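Asks: Structure in structure tokens, see below.
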Amino acid sequence: MEHVLKSEIPEGPLSEKWSNYKKTAKLVSPNNRKKLEVIVVGTGLAGSSAAASLAEMGYNVKSFCFQDSPRRAHSVAAQGGVNAAKNYKNDGDSVYRMFYDTLKGGDFRSREANTYRLAECSANLIDQATAQGVPFGREYGGYLRNRSFGGVQVSRTFYARGQTGQQLLLGSYQALMRQVNTGKVSLYARHEMLDLVLIEGKAKGIIARNLDTGRVERHGAHAVVLATGGYGKIYYLSTLAMGCNASAIWRAHKKGAFMANPSWTQIHPTCLPQSGEYQSKLTLMSESLRNDGRIWVPKDKNDIRKANDIPEEERDYYLERKYPAFGNLAPRDIASRSAKEQIDAGKGIGALKNAVYLDFSKAIKEYGKDIIKERYGNLFNMYKKITGIDAYLEPMKISPAAHFSMGGLWVDYELKTTIPGLFAIGEANFSDHGANRLGANSLLQACVDGYFVLPYTLQNFLADEIKQPKTDINHPEFDKAEQAVKKQIEEFLTTKGTKTAEEFNKLLGTELYDKCGLSRSREGLEQAINNIQDLRKAFKTDLIVPGEASEVNSELEKAGRVADYMELAELMCIDALQREESCGAHFRTEYQTAEGEAKRDDTNFCYSSAWEWNNNPSNPILNKEKLIFETVTPSVRSYK
């Protein structure tokens, strides 16, 4: 039976909704906050900013991460920048324009109110980060410097060279560690959440495994916040760190949290191409490079000359040709699909013919090498270190790769999931980006959720929990969850098959990338669903996990994560199959214009799909949150 999803959007004009919410939200007095406990899983930008903020307010926080230090969370890998509507360049930017760019970039498939709040809170983040000491790039006169990113015609991206994620994370990390030092945050590094515990229908704690000792532990709280990032590693080859996974949100999904738009995954256009079968990870090159780099392929698919030997008139700057208004800064989904078109047409370059050129020769000639070095120096150094090629002298080779998950746990305006007491923030939720995320909005959403939104919305929930006693970890529900976790671990260790979890992940990733990646079709998705079901059966009988449970065992960790991928992958394909339209990163080959652009169907598919677990990964229940546009009229997305 389909549920009615309540998005809890406040009353009033769009520009006043968030202030109206804050006016009426319930509060918890300082004396009562110390009686309440909150679990925050994940210490990336969303998790560390949330944990630090809540502890600063006086709550008792338990912070969990599977890394050996919170500052190794994957937010550290983000490069190009963070967006904010400050209009420093005086080029016409505003909160409304940023809201509209984000809504349009997501192909009008996100909730208006959430997207507006993201833009509205953006300016506060830059002030917060600067106060924390984040070394944003500056103009000669001392003003913070901006650059542009895909899908916009203004400069609103603040950056710290190509290390913006790392610098922002160091800011939130020091705020977190300050609270660890005061005793308001209990930090559990090298701990992985393996299940969510519900008592009388409310999230009351988690089961976690100590990855150093193998001990399975119980942790209780008055509320649980998941800030565990995205699931791009499901494709195996991706820009994500090897440890990134979907297990926390997936296990919450199996306890009743709806999963929204799982098939909406972003393939980033600017990555280093795969160089061989031996690879387990791909390297991201910041989208900011597209400010000054020009993307092209040879006009002749049989051209084997070196890039510098191909004259200008024999090059196809295809993004500039197809999308003159935005050129090389077309949105990511369009830039990635366009690169794939060129590669599929036989014009790919490099040893495996799987890349396109990103050329800085014109920018170097115009601005000089020193300016380009100042803007992107560490990215050029990284490129040379990995490839041996000096990009100041010849073009970079780039290729699309799996990157960001627009899908995630369904949350309402308050970032609440469908389980009372369970909140999801950052990339773990689905809320702000629609069917495609604009570059530099990821760091923004993570910080805005953690610093500026959750402290209000979680408090609104906790106000009714003050009289609730401390959660009893000896409750039968904790017993039940712990036994289920231990049973799964035992099954992994006793299967004694022939393939490792990584081998299964590789097979699964290839299947997904081919049939539920840059493009999808009914035939391909139906094949993928059958193949994934077969893979899942094989995983249950042919998995091998060496070692024991009572020790450091990375293979055991991978087994649990890949088991969850096997179920999530099928849901991704089911979700893509039911959405008979093209929108943003979801490109169904049956639904395209004569020019090969995405063809949306607002009459039948103007909703977010929210899937409910039904005890069978092949038979989920679809719930729909209808998207209502009160301020903007969805239009055909054009960047020409």
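Asks: Which one is farthest from ILE126 (Cα to Cα) among residues in region 3-15 that are charged (D, E, K, R) and surrounded by fewer than 13 Cβ atoms within 10 Å (Cβ to Cβ)? Reasoning before the result, please.
Replies: To start, the set of residues in region 3-15 that are charged (D, E, K, R) comprises 6, 8, 11.
Remaining after also requiring surrounded by fewer than 13 Cβ atoms within 10 Å (Cβ to Cβ): 6, 11.
Working: LYS6: 32, GLU11: 28 Å.
Result: LYS6.
Asks: In region 573-629, which residue that is within 21 Å of GLY151 (Cα to Cα) and hydroxyl-bearing (Ser, Thr, Tyr) is modelled with the lowest pLDDT?
Replies: THR593
Asks: Among GLY80, GLY44, which is at pLDDT 95 or above, farther than 17 Å from LEU458 by Cβ and buried (at least 24 other Cβ atoms within 10 Å of the Cβ)? It would help to see each step written out before you state the result.
Replies: On the way: GLY80 fails: at pLDDT 95 or above.
Going through GLY80, GLY44 in turn, just one is at pLDDT 95 or above, farther than 17 Å from LEU458 by Cβ and buried (at least 24 other Cβ atoms within 10 Å of the Cβ): GLY44.
Asks: State the number of residues belonging to region 481-506 that are part of a helix (DSSP H, G or I) and either closer than 13 Å to LYS558 by Cβ or of a type outside the set (Lys, Arg) (or both).
Replies: 18
Asks: Follow-up. Among VAL545, VAL552, VAL562, which is surrounded by 17 or more Cβ atoms within 10 Å (Cβ to Cβ), among the β-branched types (Val, Ile, Thr), modelled with pLDDT of 95 or more and over 22 Å from SER238 (Cα atoms)?
Replies: VAL545
Listed here are the residues, each with its yes/no results for (1) free of Cβ contacts under 8 Å to residues at least 60 places away in the same chain; (2) assigned to a helix (DSSP H, G or I); (3) touching a Ser or Thr at 6+ places or on another chain (Cβ under 8 Å).
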residue	(1), (2), (3)
ASN531	yes, yes, no
ARG536	no, yes, no
ALA569	no, yes, no
ALA576	no, yes, yes
ASN604	yes, yes, no
GLU630	no, no, no
THR633	yes, no, no
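Asks: Residue check, PHE478 against (1) open to solvent by 10 Å² or more (accessible area, probe 1.4 Å); (2) out of contact with any helix residue (DSSP H, G or I) (no Cβ under 6 Å at 6 or more places or on another chain); (3) in a helix (DSSP H, G or I), all met but one. Which one?
Replies: The number of the failed condition is (1).
Asks: Which one of ARG178, ARG190, ARG161 is out of contact with any strand residue (DSSP E or B) (no Cβ under 6 Å at 6 or more places or on another chain), closer than 29 Å to PRO420 by Cα and touching a residue at least 60 places away in the same chain (Cβ under 8 Å)? Walk me through it before giving the result.
Replies: Working: ARG178 fails: closer than 29 Å to PRO420 by Cα; ARG161 fails: closer than 29 Å to PRO420 by Cα.
After applying the criteria, what remains is ARG190.
Asks: While we're looking at this one, here's another question. Within region 414-443, track down each residue that is among the hydrophobic types (A, V, I, L, M, F, W, C) and farther than 14 Å from HIS253 by Cβ.
Replies: LEU415, PHE423, ILE425, ALA435, LEU438, ALA440, LEU443
Asks: Let me ask another. For ASN460, all conditions in the list (1) closer than 21 Å to VAL28 by Cβ; (2) open to solvent by less than 10 Å² (accessible area, probe 1.4 Å) hold save one; what is the number of the exception?
Replies: Here ASN460 clears every test but (2).
Asks: Restricting attention to region 160-171, which residues are more than 18 Å from the chain's Cα centre (by Cα) and buried (at least 24 other Cβ atoms within 10 Å of the Cβ)?
Replies: The answer is GLY162, and nothing else.
Asks: Only one of these is closer than 24 Å to GLU612 by Cβ and either open to solvent by 10 Å² or more (accessible area, probe 1.4 Å) or not basic (Lys, Arg) (or both): GLY407, GLY439, GLY450. Name it.
Replies: Every option except GLY407 fails the conditions.
Asks: For region 607-625, which positions are without any contact (Cβ under 8 Å) to a residue 60 or more places away in the chain and closer than 23 Å to PHE404 by Cα?
Replies: TYR607
Asks: For region 2-49, give me the residue count where each residue is in contact with a helix residue (DSSP H, G or I) (Cβ under 6 Å, 6 or more places away or on another chain) and assigned to a strand (DSSP E or B).
Replies: The qualifying residues number 3.
Asks: Inside region 325-382, can you point out the residues that are open to solvent by 40 Å² or more (accessible area, probe 1.4 Å), more than 30 Å from ARG637 (Cα to Cα) and of a type outside the set (Asp, Glu)?
Replies: Of everything in region 325-382, those that are open to solvent by 40 Å² or more (accessible area, probe 1.4 Å), more than 30 Å from ARG637 (Cα to Cα) and of a type outside the set (Asp, Glu) turn out to be ALA351, LEU352, LYS353, SER361, LYS365, TYR367, LYS369, ILE371, LYS373, ARG375, ASN381, MET382.
Asks: Hey, another quick one. Is there a residue being touching a Ser or Thr at 6+ places or on another chain (Cβ under 9 Å), on the phi > 0 side of the Ramachandran plot and either surrounded by 16 or more Cβ atoms within 10 Å (Cβ to Cβ) or of a type in the set (Gly, Ala, Ser) (or both) anywhere in region 232-251?
Replies: yes
Asks: Whether any residue in region 587-595 is open to solvent by less than 20 Å² (accessible area, probe 1.4 Å), touching a helix residue (DSSP H, G or I) at 6+ places or on another chain (Cβ under 9 Å) and assigned to a loop (DSSP other than H, G, I, E, B) is what I want to check.
Replies: Yes.
Asks: Moving to a separate point now. Check whether at least one residue in region 390-400 is among the hydrophobic types (A, V, I, L, M, F, W, C) and within 30 Å of HIS253 (Cα to Cα), and report yes or no.
Replies: There is no residue in region 390-400 that is among the hydrophobic types (A, V, I, L, M, F, W, C) and within 30 Å of HIS253 (Cα to Cα).
Asks: Just the residues that are touching a Lys or Arg at 6+ places or on another chain (Cβ under 8 Å) and modelled with pLDDT under 95, please, taken from region 160-192.
Replies: ARG161 - this is the single residue of region 160-192 that is touching a Lys or Arg at 6+ places or on another chain (Cβ under 8 Å) and modelled with pLDDT under 95.
The values are calculated or read from the model by the stated rules, or taken from the named source; none is laboratory data. Being a predicted model, the structure only gives us computed values, none of them experimental. FYI the Cβ positions are ideal-geometry reconstructions off the backbone, even for glycines, and counts take in every protein chain you see. Note: areas computed on protein heavy atoms with side chains; ligands, DNA, RNA excluded. Shrake-Rupley method; radii C 1.70, N 1.55, O 1.52, S 1.80 Å.
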